[in-house]
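Notes follow once the structure below has been shown.
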Amino acid sequence: MSGGATDLWGEWQKYGAQGMSGARALAAELDRIAREGGIASPVTTNRGLSARLRYLNSRPGREVLREHGVSARLLRSWERGAHPSRAKLEAVDRAYQERRRDNLVRSGALKRLLDNEGRGRRIEIYPVDQTYVDERYRRPSVSERSVQARYVWDDMVDAWGKGDMGTLDDIWDDIITDLDSDYAAYAYVGSIGIGA
(Lines give C-alpha, C1' and ligand atoms only; values in the text may rest on other atoms or scores of the structure.)
Protein backbone atom coordinates (compact mmCIF):
# COMPACT_ATOMS: atom_id res chain seq x y z
CA MET A 1 0.00 0.00 0.00
CA SER A 2 1.36 3.38 -0.81
CA GLY A 3 0.51 6.60 0.92
CA GLY A 4 0.04 5.04 4.32
CA ALA A 5 -2.75 5.36 6.82
CA THR A 6 -3.95 8.81 5.73
CA ASP A 7 -5.27 7.31 2.50
CA LEU A 8 -7.25 4.72 4.44
CA TRP A 9 -9.42 6.90 6.65
CA GLY A 10 -8.85 10.44 5.47
CA GLU A 11 -9.75 13.12 7.99
CA TRP A 12 -10.43 10.68 10.79
CA GLN A 13 -10.42 13.32 13.56
CA LYS A 14 -12.77 15.69 11.76
CA TYR A 15 -15.81 14.70 13.83
CA GLY A 16 -14.05 14.23 17.16
CA ALA A 17 -12.57 10.72 17.09
CA GLN A 18 -9.65 10.32 19.51
CA GLY A 19 -6.60 8.20 18.71
CA MET A 20 -3.35 7.97 16.76
CA SER A 21 -1.90 6.42 13.64
CA GLY A 22 -1.02 2.74 13.76
CA ALA A 23 2.64 3.70 13.35
CA ARG A 24 2.53 5.92 16.46
CA ALA A 25 0.74 3.16 18.36
CA LEU A 26 3.45 0.65 17.37
CA ALA A 27 6.18 3.05 18.51
CA ALA A 28 4.40 3.72 21.82
CA GLU A 29 3.95 0.00 22.49
CA LEU A 30 7.60 -0.77 21.69
CA ASP A 31 8.57 2.06 24.06
CA ARG A 32 6.43 0.44 26.75
CA ILE A 33 8.00 -2.99 26.21
CA ALA A 34 11.49 -1.49 26.30
CA ARG A 35 10.71 0.32 29.58
CA GLU A 36 9.38 -2.86 31.22
CA GLY A 37 12.77 -4.53 31.30
CA GLY A 38 14.61 -1.39 32.30
CA ILE A 39 15.25 0.49 35.52
CA ALA A 40 12.07 0.52 37.57
CA SER A 41 12.94 3.25 40.07
CA PRO A 42 11.91 6.74 38.91
CA VAL A 43 14.69 9.12 37.90
CA THR A 44 13.46 11.46 40.65
CA THR A 45 14.78 9.05 43.31
CA ASN A 46 18.46 8.75 44.24
CA ARG A 47 18.37 5.08 43.37
CA GLY A 48 16.77 5.69 39.96
CA LEU A 49 19.13 8.51 39.06
CA SER A 50 22.20 6.54 40.17
CA ALA A 51 21.12 3.47 38.22
CA ARG A 52 20.62 5.52 35.03
CA LEU A 53 23.97 7.24 35.42
CA ARG A 54 25.69 3.85 35.90
CA TYR A 55 23.97 2.56 32.76
CA LEU A 56 25.18 5.63 30.85
CA ASN A 57 28.76 5.40 32.20
CA SER A 58 30.42 4.60 28.89
CA ARG A 59 31.70 6.72 26.03
CA PRO A 60 28.45 6.36 24.01
CA GLY A 61 26.37 6.88 27.16
CA ARG A 62 28.21 10.06 28.13
CA GLU A 63 27.83 11.31 24.55
CA VAL A 64 24.05 10.82 24.72
CA LEU A 65 24.00 12.65 28.06
CA ARG A 66 25.91 15.57 26.49
CA GLU A 67 23.44 15.64 23.59
CA HIS A 68 20.66 16.01 26.16
CA GLY A 69 22.44 18.86 27.96
CA VAL A 70 24.04 16.98 30.85
CA SER A 71 27.75 17.86 30.90
CA ALA A 72 30.62 16.16 32.74
CA ARG A 73 30.94 19.30 34.88
CA LEU A 74 27.28 19.03 35.88
CA LEU A 75 27.72 15.36 36.77
CA ARG A 76 30.69 16.24 38.99
CA SER A 77 28.61 18.89 40.77
CA TRP A 78 25.96 16.26 41.50
CA GLU A 79 28.64 13.96 42.91
CA ARG A 80 29.62 16.78 45.27
CA GLY A 81 26.04 17.08 46.54
CA ALA A 82 24.31 19.55 44.20
CA HIS A 83 20.70 18.64 43.46
CA PRO A 84 19.70 18.21 39.82
CA SER A 85 16.83 20.30 38.50
CA ARG A 86 13.65 18.62 37.27
CA ALA A 87 14.63 19.48 33.68
CA LYS A 88 18.03 17.82 34.08
CA LEU A 89 16.49 14.72 35.66
CA GLU A 90 14.17 14.47 32.66
CA ALA A 91 17.19 14.90 30.36
CA VAL A 92 18.96 12.00 32.11
CA ASP A 93 15.87 9.84 31.72
CA ARG A 94 15.55 10.70 28.01
CA ALA A 95 19.25 9.89 27.50
CA TYR A 96 18.80 6.58 29.33
CA GLN A 97 15.72 5.65 27.26
CA GLU A 98 17.51 6.56 24.03
CA ARG A 99 20.63 4.55 24.92
CA ARG A 100 18.57 1.58 26.10
CA ARG A 101 16.57 1.62 22.86
CA ASP A 102 19.82 1.68 20.85
CA ASN A 103 21.21 -1.23 22.88
CA LEU A 104 18.02 -3.27 22.50
CA VAL A 105 18.10 -2.79 18.72
CA ARG A 106 21.84 -3.46 18.40
CA SER A 107 21.81 -6.60 20.56
CA GLY A 108 18.81 -8.11 18.77
CA ALA A 109 17.20 -8.95 22.14
CA LEU A 110 13.94 -7.17 21.35
CA LYS A 111 13.74 -8.73 17.88
CA ARG A 112 14.21 -12.20 19.34
CA LEU A 113 11.58 -11.57 21.99
CA LEU A 114 9.00 -10.36 19.49
CA ASP A 115 9.79 -12.87 16.72
CA ASN A 116 9.22 -15.62 19.29
CA GLU A 117 11.10 -18.28 17.25
CA GLY A 118 9.04 -17.51 14.15
CA ARG A 119 5.68 -17.70 15.91
CA GLY A 120 5.42 -13.92 16.20
CA ARG A 121 3.22 -12.13 18.69
CA ARG A 122 -0.45 -11.33 18.95
CA ILE A 123 -1.34 -7.66 18.57
CA GLU A 124 -4.53 -6.49 20.27
CA ILE A 125 -5.98 -3.51 18.41
CA TYR A 126 -8.23 -1.04 20.20
CA PRO A 127 -10.15 1.23 17.81
CA VAL A 128 -10.25 5.00 17.95
CA ASP A 129 -12.50 6.40 20.62
CA GLN A 130 -15.68 7.61 18.94
CA THR A 131 -17.40 8.64 22.18
CA TYR A 132 -17.57 12.29 21.11
CA VAL A 133 -18.46 11.59 17.48
CA ASP A 134 -22.05 12.34 16.49
CA GLU A 135 -23.88 9.06 15.80
CA ARG A 136 -24.41 9.89 12.11
CA TYR A 137 -20.63 10.24 11.56
CA ARG A 138 -19.45 7.18 13.48
CA ARG A 139 -17.79 4.35 11.66
CA PRO A 140 -20.00 1.30 12.18
CA SER A 141 -18.76 -2.06 13.44
CA VAL A 142 -15.40 -0.89 14.72
CA SER A 143 -14.58 -3.21 17.60
CA GLU A 144 -11.48 -4.57 19.28
CA ARG A 145 -9.57 -6.93 17.02
CA SER A 146 -6.46 -9.03 17.27
CA VAL A 147 -4.01 -10.36 14.74
CA GLN A 148 -1.05 -12.73 14.99
CA ALA A 149 1.87 -10.83 13.44
CA ARG A 150 4.81 -12.76 12.05
CA TYR A 151 7.87 -11.78 10.02
CA VAL A 152 7.51 -8.05 10.63
CA TRP A 153 9.42 -7.74 13.88
CA ASP A 154 12.98 -7.23 12.61
CA ASP A 155 11.94 -4.41 10.28
CA MET A 156 9.63 -2.97 12.94
CA VAL A 157 12.32 -2.85 15.63
CA ASP A 158 14.85 -1.35 13.20
CA ALA A 159 12.37 1.36 12.16
CA TRP A 160 11.47 2.06 15.79
CA GLY A 161 15.15 2.34 16.69
CA LYS A 162 15.66 4.93 13.95
CA GLY A 163 12.41 6.78 14.64
CA ASP A 164 11.34 5.95 11.07
CA MET A 165 7.59 6.54 11.22
CA GLY A 166 7.19 6.08 7.45
CA THR A 167 8.40 2.48 7.63
CA LEU A 168 6.32 1.85 10.75
CA ASP A 169 3.31 3.18 8.85
CA ASP A 170 3.99 0.75 5.97
CA ILE A 171 4.40 -2.14 8.45
CA TRP A 172 1.11 -1.20 10.13
CA ASP A 173 -0.59 -1.22 6.73
CA ASP A 174 0.76 -4.76 6.17
CA ILE A 175 -0.48 -5.90 9.58
CA ILE A 176 -4.01 -4.57 9.22
CA THR A 177 -4.55 -6.04 5.75
CA ASP A 178 -5.13 -9.31 7.63
CA LEU A 179 -8.29 -7.77 9.08
CA ASP A 180 -10.37 -8.43 5.93
CA SER A 181 -12.24 -5.68 4.09
CA ASP A 182 -12.70 -3.69 7.33
CA TYR A 183 -8.99 -2.99 7.65
CA ALA A 184 -9.28 0.73 6.74
CA ALA A 185 -11.13 1.34 10.03
CA TYR A 186 -7.92 0.36 11.88
CA ALA A 187 -5.49 2.69 10.09
CA TYR A 188 -5.92 4.86 13.20
CA VAL A 189 -6.39 3.33 16.62
CA GLY A 190 -6.97 4.21 20.24
CA SER A 191 -4.03 2.00 21.23
CA ILE A 192 -2.53 -1.42 20.66
CA GLY A 193 -1.08 -4.09 22.90
CA ILE A 194 1.62 -6.57 21.94
CA GLY A 195 1.58 -9.81 23.89
CA ALA A 196 5.28 -9.97 24.73
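The values are calculated or read from the model by the stated rules, or taken from the named source; none is laboratory data. Please read all numbers here as calculations on a predicted model, not as lab measurements. For neighbour counting, all protein chains shown are included, and Cβ atoms are generated from backbone atoms with ideal geometry for every residue, glycine included. What goes into the accessible areas is simple: the full protein's heavy atoms, side chains included, and nothing from ligands, DNA or RNA. Shrake-Rupley method; radii C 1.70, N 1.55, O 1.52, S 1.80 Å.
Would you mind stating whether residue 88 is of a type in the set (Lys, Arg), touching a helix residue (DSSP H, G or I) at 6+ places or on another chain (Cβ under 6 Å) and not in a loop (DSSP other than H, G, I, E, B)?
No.
Among the residues of region 125-135, is there at least one that is within 24 Å of residue 35 (Cα to Cα), without any contact (Cβ under 8 Å) to a residue 60 or more places away in the chain and either part of a helix (DSSP H, G or I) or of a type in the set (Lys, Arg) (or both)?
Looking through region 125-135, none of the residues is within 24 Å of residue 35 (Cα to Cα), without any contact (Cβ under 8 Å) to a residue 60 or more places away in the chain and either part of a helix (DSSP H, G or I) or of a type in the set (Lys, Arg) (or both).
Of (1) under 23 Å from residue 25 (Cβ atoms); (2) in a helix (DSSP H, G or I); (3) among the hydrophobic types (A, V, I, L, M, F, W, C), residue 142 satisfies all except one. Which?
(2)
For region 160-196, what are the residues that are among the hydroxyl-bearing types (Ser, Thr, Tyr) and crowded, with 22+ Cβ neighbours inside 10 Å?
186, 188
From 151, 126, which residue is of a type in the set (Phe, Trp, Tyr) and within 23 Å of residue 18 (Cα to Cα)?
126
Only one of these conditions is not met by residue 62: (1) in contact with a helix residue (DSSP H, G or I) (Cβ under 8 Å, 6 or more places away or on another chain); (2) open to solvent by less than 70 Å² (accessible area, probe 1.4 Å). Which number is it?
(2)
Inspect all residues belonging to region 101-108 and state whether any of them is among the hydroxyl-bearing types (Ser, Thr, Tyr) and within 19 Å of residue 157 (Cβ to Cβ).
Yes, there is a match, as at least one residue in region 101-108 is among the hydroxyl-bearing types (Ser, Thr, Tyr) and within 19 Å of residue 157 (Cβ to Cβ).
I'd like to check something: does region 121-137 contain any residue that is at negative phi, open to solvent by 20 Å² or more (accessible area, probe 1.4 Å), touching a helix residue (DSSP H, G or I) at 6+ places or on another chain (Cβ under 7 Å) and among the β-branched types (Val, Ile, Thr)?
no
Within region 32-46, take every residue that is out of contact with any strand residue (DSSP E or B) (no Cβ under 8 Å at 6 or more places or on another chain) and either touching a residue at least 60 places away in the same chain (Cβ under 8 Å) or assigned to a helix (DSSP H, G or I) (or both) and give me the one that is nearest to residue 85 (Cα to Cα).
Among them, the one singled out is 46.
Quick test for you: out of 157, 105, 70, pick the one residue that is more than 22 Å from residue 178 (Cα to Cα), β-branched (Val, Ile, Thr), assigned to a helix (DSSP H, G or I) and open to solvent by less than 60 Å² (accessible area, probe 1.4 Å).
Only one candidate qualifies: 105.
Taking the conditions exactly as written (β-branched (Val, Ile, Thr), surrounded by 14 or more Cβ atoms within 10 Å (Cβ to Cβ) and touching a Leu at 6+ places or on another chain (Cβ under 8 Å)), does residue 92 satisfy them or not?
yes
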